[in-house]
1. Skip the ligands, DNA and RNA, and give the accessible area per residue of the chain with a 1.4 Å probe, whole Å².
2. List the lysines whose alpha-carbon lies under 27 Å from that of residue 339, not counting same-chain residues fewer than 8 positions away?
3. Specify which residue in the list 332, 223, 256 is farthest towards the positive end of the charge dipole of the range 198-343, using unit charges on the beta carbon of Lys, Arg (+1) and Asp, Glu (-1), about the Cα centre.
4. Where does the charge balance sit around residue 211 when Lys and Arg score +1, Asp and Glu -1, over other residues with C-beta under 10 Å from its C-beta?
5. What list of ³J(HN,Hα) values in whole Hz, one per residue of the range 168-183 in order, does the Karplus curve 6.51 cos²θ - 1.76 cosθ + 1.60 (θ = phi - 60°) give from phi, with Gly and Pro shown as x?
6. Quick one: length gained pulling residue 84 to residue 46 fully straight, 0.36 nm per residue minus the C-alpha distance?
7. Any idea what diffusion coefficient the range 1-70 gets from Stokes-Einstein, in µm²/s, Kirkwood Rh on alpha carbon pairs, 10 °C, 1.306 mPa s?
8. Once fully extended, how much extra length lies between residue 235 and residue 56, figured as 0.36 nm per residue of separation less the alpha-carbon to alpha-carbon distance?
Amino acid sequence: MKIVYTDKHAQHDPQTFIVRGVKQRSAEQPERATRLLDAAKGAGHEIADPKAYGVAPVQAIHRPEYIDFLQIAAREWAKLPGASPEVVPNVHPARYPATYPKSLVGRAGWHQVDTGCPIGPGTWDAALASAEVATTAADMVLSGTREAYALCRPPGHHAYADMAGGFCFLNNTAIAAQHLRARHARVAVLDVDVHHGNGTQGIFFERADVLTVSIHADPSSYYPYFWGHAHEAGAGAGDGFNLNLPLALGSADPPWLEAGDNALARIRDFAPSALVVALGLDASESDPLQGLKVTGAGFRAMAEKIARLGLPTVLVQEGGYLSDDLGRNLVQFLAGFEKGRSK
Ligand SMILES: [Zn+2]
């Protein structure tokens, strides 16, 4: 499998993650990517550098004022008296009609949905590099490579067109899907991260050309809480083009793989000519976030099913946190994918 990777992700090393009111170091650490890279290299996969695309693929998905905010936030925040080293909002416009604020503190609350997406001095450069990794993998698939894996960090699937959240800033999965649209009339996104892909859902919610399907732990008691419920089916032209398959917290391989069958049936029915997999590995039984209990064999079996669709496919790394199984689960997934292709 062709793997796209750059070490530019390491410039983003978030220190803030508030859990039940307690400040901790973020679980989204640079070591995640180096462990995944080492495991992939150890399994003999081929590593390639991303190409430089600048901001154009990002602009195809994200709003101008949000891109501007991400670029200037850390620098301007550092000028505020008594400011912390990372931009963390303390005020949000919440659910009522509101006016876009001029102040940086207000803009932070507007563009950062939660406290799990702190912005430091290296965040923009790392997020842009992560988007370039996804775009490069999508370009490989556009040029005829059957599949490519974007080893993205920071992840992206919780980021909306104008809002960061849950460790995510630029939606790499959405950027890859939009890039594939250049030559594919219909593109499907299958999100297998333990968390609902709420940003991706939000970006494509009113579109019928990109089907979004997500398998995740039930948001009634798990992040992102407000999105990912089964009744969210899309709106306007996109009505019927979003499918959420929430699973009871702690579900193991059998219900996860059954949800995979349901997801793939919907994707076959949609008949896309290309696929993006939002590849979170945090559904693992060993993941510190403990949402689902998927085994290495489960990841392998899911990958094999997905590969049998026979579609040109971009795999985009999303979540998956430090555990002894993190790299092993990636290797299992890639092996399962290659096995499904060979059938
Ligand atoms: Zn996740």
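1. 39
2. Qualifying lysines at Cα under 27 Å: 2, 41, 293, 305.
3. 332
4. +1
5. Result, ordered by residue: 10, 10, 10, 7, 4, 4, 5, 5, 5, 4, 5, 4, 5, 4, 4, 10 Hz.
6. 9.6 nm
7. It diffuses with D of about 106 µm²/s by this estimate.
8. Gain on extension, residue 235 to residue 56, equals 61.8 nm.
The values are calculated or read from the model by the stated rules, or taken from the named source; none is laboratory data. This one's a predicted model, so the numbers in the text were calculated from it and none came from an experiment. Glycine gets a Cβ as well: all are built from the backbone with ideal geometry, and neighbour counts include every protein chain shown. SASA here: full protein model, heavy atoms, side chains in, ligands and nucleic acids out. Shrake-Rupley method; radii C 1.70, N 1.55, O 1.52, S 1.80 Å.
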